Amino acid sequence: MSLDIQKIRKDFPILSQQVYKKPLIYFDNGATTQKPRVVLDEEIKIYTQENSNIHRGVHFLSEQLTQRYEDARKVVQKFINAPNDHEVIFTSGTTESINTIAFSFGEKYVYEGDEIIISTLEHHANIVPWQMLCERKKAVLKVIPINEKGEILLDEYEKMISPKTKIVSVNHVSNALGTVNDVKSIIEIAHQNNVPVLIDGAQSIQHGKVDVQELDCDFYVFSGHKVYGPNGIGVIYGKEKWLNEIPPFMTGGEMIKKVTFEKTTFNELPFKFEAGTPNYVAAIGLATAIEYIQQLGLENIVAYEKELLDYATQKLESIEGLKIIGTAENKVSVISFNLENIHPYDAGMVIDKMGIAVRTGHHCAEPLMQRLNIEGTIRASFSFYNTKEEIDKLCEAIMTVKQMFG
Ligand code: PMP
């Protein structure tokens with residue numbers, strides 16, 4: 001089945017507006033995705049008809065919403081094929097998810113001289129928490145190198161892993177280049193050495209089927225707002241064994257079993273990691289978003305986004321002086337590029353005035369930019385609601401940029 005893009009676009013109210021008197025072309029889906037009306041309606045319905053703090057009340061609204069929150073957890077569980085719903089923890093987003101694991105896992109397992117492996121392709125959210133942990137515990141951060149195409153060098157990684165390695169944390173898809181990493185091999189190699197792996201799924205969850213059991217990852221994290229869901233909600237999937245063993249990150253209400261002034265015992269999973277009032281509205285909104293994309297069919301989304309990627313790659317490549325940054329064999333629908341002798345910010349500003357939203361800069365991946373010897377890139381990231389006509393408009397805008405600055 002192919003997608004009816006014009007019909008789908010009507011599901012996203014924001015897409016029909018104009019900016020600078022031009023139809024909005026939204027190519028900043030890597031930063032955040034737009035929300036379908038069903039998600040927005042769901043949130044309004046909760047606030048107007050169902051709102052009540054969950055897990056605490058014996059009254060009708062509280063019990064009803066607690067059930068809906070727990071049902072949302074089951075939707076996420078099935079979506080990523082987690083074995084148990086208590087292995088799905090709601091957080092505020094990928095950043096909080098990684099900080100939670102870096103802190104909790106680090107507290108328990110990382111000591112002086114130990115090593116943590118990340119890759120050159122990481123977003124700051126998957127660098128800084130590990131760096132802070134290394135500073136606290138006097139551990140060492142090791143970084144897997146990449147080739148010129150923006151692909152992780154598996155041979156080098158294999159050489160880096162050692163009895164000192166305590167955890168590997170890499171992204172599934174690079175937000176800056178769109179590279180799809182061979183995380184299955186990365187996990188296999190780590191497991192041969194009894195090392196657990198965290199996968200940062202912030203850029204993979206929206207672009208294809210993720211099966212945490214098939215990957216056999218120890219942790220998988222993502223943000224709701226990048227998968228057509230609300231802001232302020234994210235997920236940690238963690239294997240029960242690890243989540244039981246590591247201490248909580250945030251403490252307070254809900255995550256406790258019993259509190260006395262002398263000692264506190266912790267609640268069972270998943271509540272041990274959900275201190276305070278969770279964003280239950282956004283959690284339910286996320287479940288609605290997941291159900292929405294499941295209705296479209298992930299395989300249809302993958303096929304269409306590949307079509308957009310191939311079309312855009314071929315058109316952009318034909319523009320003189322344009323260099324695509326990140327040419328991995330396996331990519332999602334994200335294209336970073338630079339224009340000869342034109343600063344990405346200058347280009348971005350002109351493209352913006354044509355109603356086209358692209359992102360310019362280092363994409364929160366400064367070390368990657370340093371490795372590639374560039375200041376930044378212009379990044380167009382496509383979603384299933386984008387069209388080839390919009391890509392044509394981007395190419396026209398680039399030609400205008402070239403005329404202005406060339
Ligand atoms: N990791 C990657 C690969 C990302 O692309 C992002 C968001 N750009 C993050 C982590 C952080 O996600 P959030 O800001 O939603 O916490």
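Each value in this text was obtained by applying a stated rule to the coordinates, not by laboratory testing. Bear in mind that the values here come from a model prediction, so they are computed numbers and not experimental data. Ideal geometry is used to build each Cβ from the backbone, glycine not excepted, and the neighbour counts take in all protein chains shown.
Taking the mean number of other Cβ atoms within 10 Å as a proxy for protection, how do you rank 77-89, 55-67 from highest to lowest? Write out the running numbers ahead of the final one.
Values: 77-89: 19.2, 55-67: 13.6.
Descending mean neighbour count gives 77-89, 55-67.
Only Lys, Arg, Asp and Glu count, each charged at its Cβ (+1, +1, -1, -1), so figure out the dipole size of the chain about its Cα centre, rounded to 20 debye.
Its charge dipole is roughly 680 debye.
Quick one: net charge around N330, please, counting Lys, Arg +1 and Asp, Glu -1 for every other residue with C-beta under 9 Å from its C-beta.
-2
Tell me whether the stretch 14-110 comes out rounded, prolate or oblate; compute the Cα gyration tensor, take square roots of the eigenvalues as a ≥ b ≥ c, and use a/c under 1.5 as the rounded threshold.
Oblate, since a/c reaches 1.5 and b/c is not below a/b.
Give the span of the stretch 117-234's Cα atoms along each principal axis, as three whole-Å numbers ordered largest to smallest.
Answer, in whole Å and largest first: 40, 30, 29 Å.
Of all DSSP beta bridges located in the chain, what percent are antiparallel, nearest 5?
If we restrict to bridges inside the chain, about 60 percent are antiparallel.
Over the Cα atoms of the stretch 120-177, Rg to Rh with Kirkwood Rh, two decimal places? Could the numbers behind the result be given before it?
On the way: Rg = 12.0 Å, Rh = 12.4 Å.
With Rg and the Kirkwood Rh in hand, the quotient comes to 0.96.
Cα convex hull of the stretch 261-406: how many Å³ per residue?
200
Please report the net charge: other residues with Cβ closer than 15 Å to the Cβ of F382, K and R +1, D and E -1. Can you show the working numbers first?
Details: positive: R9, K226, K306, K315, K331, R359, R379, K388, K393; negative: D28, E305, E307, D310, E389, E390, D392.
Summing Lys/Arg as +1 and Asp/Glu as -1 gives +2.
So how much slack lies between Q294 and K45, counting 0.36 nm per residue of separation and subtracting their Cα-Cα distance, in nm?
Contour length minus Cα-Cα distance gives 87.5 nm.
When the dipole is taken about the Cα centre of the stretch 18-122, and only Lys, Arg (+1) and Asp, Glu (-1) are charged at their Cβ, what size is it in debye, to the nearest 20?
So the dipole magnitude of the stretch 18-122 works out to roughly 700 debye.
Can you tell me, using C-alpha contacts under 8 Å and at least 6 residues apart, the relative contact order of the chain as a whole percent?
Relative contact order here is 23 percent.
Going down the list K21/K306; K137/K226; K331/K393; K306/K393, which pairs span over 28 Å between their C-alpha atoms?
K21/K306; K137/K226
Just the Kirkwood number for the stretch 298-339, please: inverse of mean 1/r across all distinct Cα pairs, in Å, one decimal.
Taking the inverse mean of 1/r over all distinct Cα pairs, the stretch 298-339 comes out at 10.9 Å.
If you place +1 on the Cβ of every Lys and Arg, -1 on the Cβ of every Asp and Glu, and leave all else neutral, what size is the dipole of the stretch 294-406 about its Cα centre, to the nearest 20 Debye?
Working: 11 positive and 16 negative charges, 35 e Å.
Here the stretch 294-406 has a charge dipole of around 160 debye.
Which net charge results when you count Lys and Arg as +1 and Asp and Glu as -1 among the other residues whose beta-carbon is under 13 Å from that of G232? Mind showing how you got there, number by number?
Working: positive: K35, K226; negative: E43, E96.
Once positives and negatives cancel, what remains is 0.
From the mean inverse distance of alpha carbon pairs (Kirkwood) and the Cα radius of gyration, derive Rg over Rh for the chain.
0.98
Where does the chain land at 222 nm, in deg cm²/dmol rounded to the nearest 500, when only DSSP H runs of n ≥ 4 count, each adding -39500 (n - 2.57), divided by all residues? Could you put the intermediate results ahead of the total?
Details: 14 runs with 161 residues, N = 406.
Computed ellipticity for the chain at 222 nm equals -12000 deg cm²/dmol.
Evaluate E = 1/(1 + (r/R0)^6) for L61 and E340, where r is the Cβ-Cβ distance and R0 equals 60 Å; express this FRET efficiency to the nearest 0.05.
Values: r = 60 Å, r/R0 = 1.01.
According to the calculation, E is roughly 0.50.
On a 0 to 90 degree scale, rounded to 10, what angle separates helix 183-192 from the longest Cα axis of the chain?
40
Would you work out which of I98, H55, G229 lies farthest towards the positive end of the dipole of the stretch 41-294, given +1 charges on the beta-carbon of Lys and Arg and -1 on that of Asp and Glu, about the Cα centre?
Positive-most Cα among the choices belongs to H55.
Name the residue, out of P196, P13, P145, whose mean-square fluctuation peaks in a Gaussian network model built on the chain with Cα pairs under 10 Å.
Judging by the Gaussian network model, the answer is P13.
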